[in-house]
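One structure below.
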Amino acid sequence: MNDIIGTISSYMVNQTSSFTPEHYIPTETVYLKHHWFRFGHTNDLEALISNDELAKDYIIGVTSMSMFILGLALLWFIVIISFKCAGQKRVGFLAGRLESPAWRPSLPPIEECLTEEDDENTSTHMPIGHHASSGPENFSVAGTDLDQEKQEKKFNRKALMVRVVFVISGICVMISGALFYSEGVTSFVNSLNAVQYSLLIVENTALESRNLTLSALEAKHNLVSGLNETISETGANFCQGSDQVATEIRESGQQLVSNINEMSSAVDESLKSFSTDLMTMANMASEMNENLQTASGFFYALIAISIVIVVLICIMLTVTFFSAKDISNCFTKCVTCALIWPVFIFFLTLSWIFTTLFLVFSLAGSDFCFKPDDIVLAFLNKNKDNFDSLISAMLIYYVSGCNIVPENLNDITQLIAMVKSMLAAANDLADNIASDGVDDVATSCGLDKAAATALQNGVQVISVVSQDLEKLLGSFKGIISCQNINPIYTSLVHDATCTEAVNGFNWLYGSCFALCICAMTMITFRAALYPVKRPELDQTGLSAPLLSSKNGGH
């Protein structure tokens, strides 16, 4: 941390006074999401800050599409349940199982089924010239094999189509999960790290500024103490003589006393409030950083959810392979019914909820990032009574791009001018004493040699402390200057928030939405998980007449 503070301090002190903030241009993602369809509601985030009637309209607009998507997901679930209740005979594989058509073997001609005795009886009782026909009365089913073969091929194509769609959907779910992590989570984690780093710089800058104010206050205290000691040893006017040397020393000393008293009051009035407010700002930045550390655990939970879904998809694809081979046992049934579907549907429901949340965050973030500086200024102006006046004024100064200069910064400039005037007076007095010598000063001012020496040493101490105080105030002014703090703000808001975070939320929403769509498709085509259901052949109605003929029954 000390290295960071040192780097910041060396950078800030060496900045030039002229500074023009970089103009912010929203990204294409921000522009597109800001103009996202809102069912006619406003997309102006400032309406939410102003807390007027448009605030409700904005909230409805930013959540309307999420509610619409959630409604479609609920409707899809209802349709799937309805198909399940309708049964396989009405909706086919959409009910959840693949069932092949009933297969009935073709029957041979009746002549092949009759015995010799039956043939004699048939020929005896058949009129002369009457020939047996080949119609259905002879149990001939010519063409049945061909029809059944066509039905079987059609069913096999349907079963293959169901399994292919199921497998492709599963692969798409895994791809969406990979994009969810590689693009969405990674971008947002990068944004989170950038925000935390910017807040760390803010905290360190505030602490460094506070240390400078404390050092300046200490230097002022030492300056006043040195002046009081010099006065006590030399008298109220430094010099009691009446010649020209004494008059010059006395006038310079009086001017120095006046400058020190004026500077002391100004330092107390300005820097003490600065010190308290800077400590408050450092604590705020530290607290925000701790909260962001807690929020990072949320994304690790999202990664865990995506991993669980991918593992489930792999298991489901494995079960699909076994079902295609008509392999079904207690293990596959237990895995499918007791493990896959309950866990899969639970995490799918969570994914739908996260999808709607990511869409809301993406839209709200894009609305903010369409004109972030204006929105931040509107928020600060509306809530300036909730902040310390100094913090509020300085934040407005930095966000506005140095256009609205606070009075406190002008006070620091005036204070530096006072210190320079005081330093000039101290140097003049030190030069006068040094040029005349201790013995001449003692003679002219009516002082003994010890008092004259104390006067000379005291003025030198005042001069040195004044130089230190000038450097401290100059460094303090440099460290809080707009050209040093505004880049921190732009890095925090323009880069970390409006580039990385919005892009991350966009990827999180898109990949999570695609994952949900593909997962719902898998549920719709869930029949691929089960072996084909083949109904048993009912031969009762066909075999009875044949058996009766063979036994001679009429």
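We did not get these values from a lab; they are worked out from the coordinates using the rules stated. As the structure is a computational prediction, the values presented were derived from the model and not from experiment. We place every Cβ from the backbone using ideal geometry, glycine too, and count neighbours over all the protein chains shown.
Numbers below:
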read-out: Over 29 Å (Cα to Cα) - which of 89/333; 384/471; 33/382; 33/477; 382/471 fall in this group; value: 384/471; 33/477; 382/471
read-out: For the range 189-243, projected area of the alpha-carbon convex hull averaged over all directions, nm²; value: 5.1 nm²
read-out: From phi via Karplus (6.51, -1.76, 1.60), per-residue ³J(HN,Hα) for the range 451-464 in Hz, x at Gly/Pro; value: 5, 5, 5, 4, 4, 5, 5, x, 5, 5, 4, 4, 5, 5
read-out: Reciprocal mean inverse distance between Cα atoms of the range 337-402 - Kirkwood radius, Å; value: 15.2 Å
read-out: Expected-Rg normalisation [2.2 N^0.38 Å, Cα atoms] applied to the range 349-456; value: 2.30
read-out: For the range 222-368, size of Cβ-based charge dipole, Lys and Arg +1, Asp and Glu -1, in debye; value: 1620 debye
read-out: Relative contact order, percent, the range 371-480 [alpha-carbon distance under 8 Å, six or more residues apart]; value: 25 percent
read-out: Backbone HN-Hα couplings from phi across the range 400-408 [Karplus 6.51/-1.76/1.60, Hz, Gly and Pro as x]; value: 6, x, 6, 7, 10, 7, x, 5, 4
read-out: Amide H partners (placed H, <5 Å) of residue 99, local residues excluded; value: 533
read-out: Calculated P(r) tail over 15 Å for the range 239-285, as whole % of Cα pairs; value: 63 percent
read-out: Fraction of the pair-distance distribution of the range 398-485 above 17 Å, Cα-Cα pairs, percent; value: 59 percent
read-out: Protection proxy ranking of 440-451, 292-303 - average other beta-carbon atoms within 10 Å, highest first; value: 440-451, 292-303
read-out: The range 366-422 - Rg (one decimal) and Dmax (whole number), Cα, Å; value: 14.7, 53
read-out: The range 270-408: mean projected area of Cα convex hull, nm²; value: 12.4 nm²
read-out: ³J(HN,Hα), Karplus 6.51/-1.76/1.60, whole Hz, each residue of the range 193-204, x for Gly, Pro; value: 5, 5, 5, 5, 5, 5, 5, 5, 5, 4, 4, 5
read-out: Cα centroid of the range 438-504 to Cα centroid of the range 348-427, whole Å; value: 25 Å
